[in-house]
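Here's the structure, in structure tokens; my notes come after.
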Amino acid sequence: MPPAQSSVIKEFETPTATKEVAPEKPKEKRLICKGCNESENIALNYFQDAGIKDRNALATIMGNIKQESKFNADICEGGSFRSYSSCWGGYGLIQWTSANRYYGLGDFARKIGGSPSDLYTQLRYLTTEVQWQRIEDRVKTPGKSIDRYMDYAYSWIGWGHHGARTSYAYDYASRLITVEV
């Protein structure tokens, strides 16, 4: 074999560069909900992705949604399951009742090409509302009690009937487990 050809073959046989290995992605701590259904888990992940990390804040949000709708996006005030357009009264995850909030959901859904009866559409709408934006920084601030976060939730939802929302929040807090992902 000619010497020039020999050096070319050696060049291919001998690696000159080492393979770079991507650094291991640092593990992130997240909360999961033991015994929660799919809709509850979707909402929990949505709010964590939105930057809410405190167990009590998440539990309070979840407790309020459970009180309002049991996490059913297509529920009409009074408990019947209907489409958005056939509901007269509060509708959806947080029972949007006032005209500007109810019609705001429909307008938002049209703008994004979604359905006002869809869980994902409602979660996205919820976090665009002025009422949510007023409390968002507060629920993103960790270290408060459920009762304190509940004060913020009142100004967000403006419930007329307290119901079991605080009990639900404490129940969620006991079922939220920290894992590394």
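The values are calculated or read from the model by the stated rules, or taken from the named source; none is laboratory data. Only a predicted model underlies this, so the values are computations on that prediction, with no experimental measurement involved. Cβ atoms come from the backbone with ideal geometry, glycine included; neighbour counts cover every protein chain shown. For accessibility, only protein heavy atoms count, side chains too; no ligands or nucleic acids. Shrake-Rupley method; radii C 1.70, N 1.55, O 1.52, S 1.80 Å.
At-a-glance table
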read-out	value
Exposed GluC sites (Glu not before Pro) absent - longest run of the chain, DSSP non-H/G/I/E/B, at most 10 other C-beta within 10 Å	29-181
Option label - semi-axes √(5λ) of the Cα gyration tensor in Å computed here, alternatives [x] 48, 22, 14; [y] 30, 25, 19; [z] 49, 16, 13	[x]
Kirkwood-type radius of segment 60-154, with distances r between different C-alpha atoms, in Å	13.7
Cα-based helix-to-principal-axis angle, 130-139 vs the chain, degrees rounded to 10	60
Helix 99-112 vs. the chain, principal-axis angle (Cα, 0 to 90°, nearest 10)	20
Summed residue charge, Cβ within 9 Å of residue 149's Cβ, Lys/Arg positive, Asp/Glu negative	0
Simple Cβ-charge dipole of the chain, Lys/Arg +1 and Asp/Glu -1, about Cα centre, in debye nearest 20	300
Cleavage-rule hits, trypsin sites (Lys or Arg not before Pro), segment 95-181, DSSP coil, Cβ neighbours within 10 Å at most 15	140
Accessible-area composition of the chain, carbon plus sulfur, in percent [1.4 Å probe]	52
Among 88, 156, 132: highest mean-square fluctuation, GNM of the chain, C-alpha pairs under 10 Å	88
Cβ-based net charge around residue 117, under 14 Å, with every Lys or Arg adding one and every Asp or Glu removing one	+1
Using alpha-carbon coordinates, inclination of helix 38-49 to the longest axis of the chain, degrees	70
Computed helical MRE - 222 nm, the chain, DSSP H runs ≥ 4 contributing -39500 (n - 2.57), nearest 500	-16000 deg cm²/dmol
Cβ-defined net charge surrounding residue 85, 15 Å radius [Lys, Arg +1; Asp, Glu -1]	-2
Per residue, in Å², the accessible surface of the chain once ligands and nucleic acids are set aside, probe 1.4 Å	58
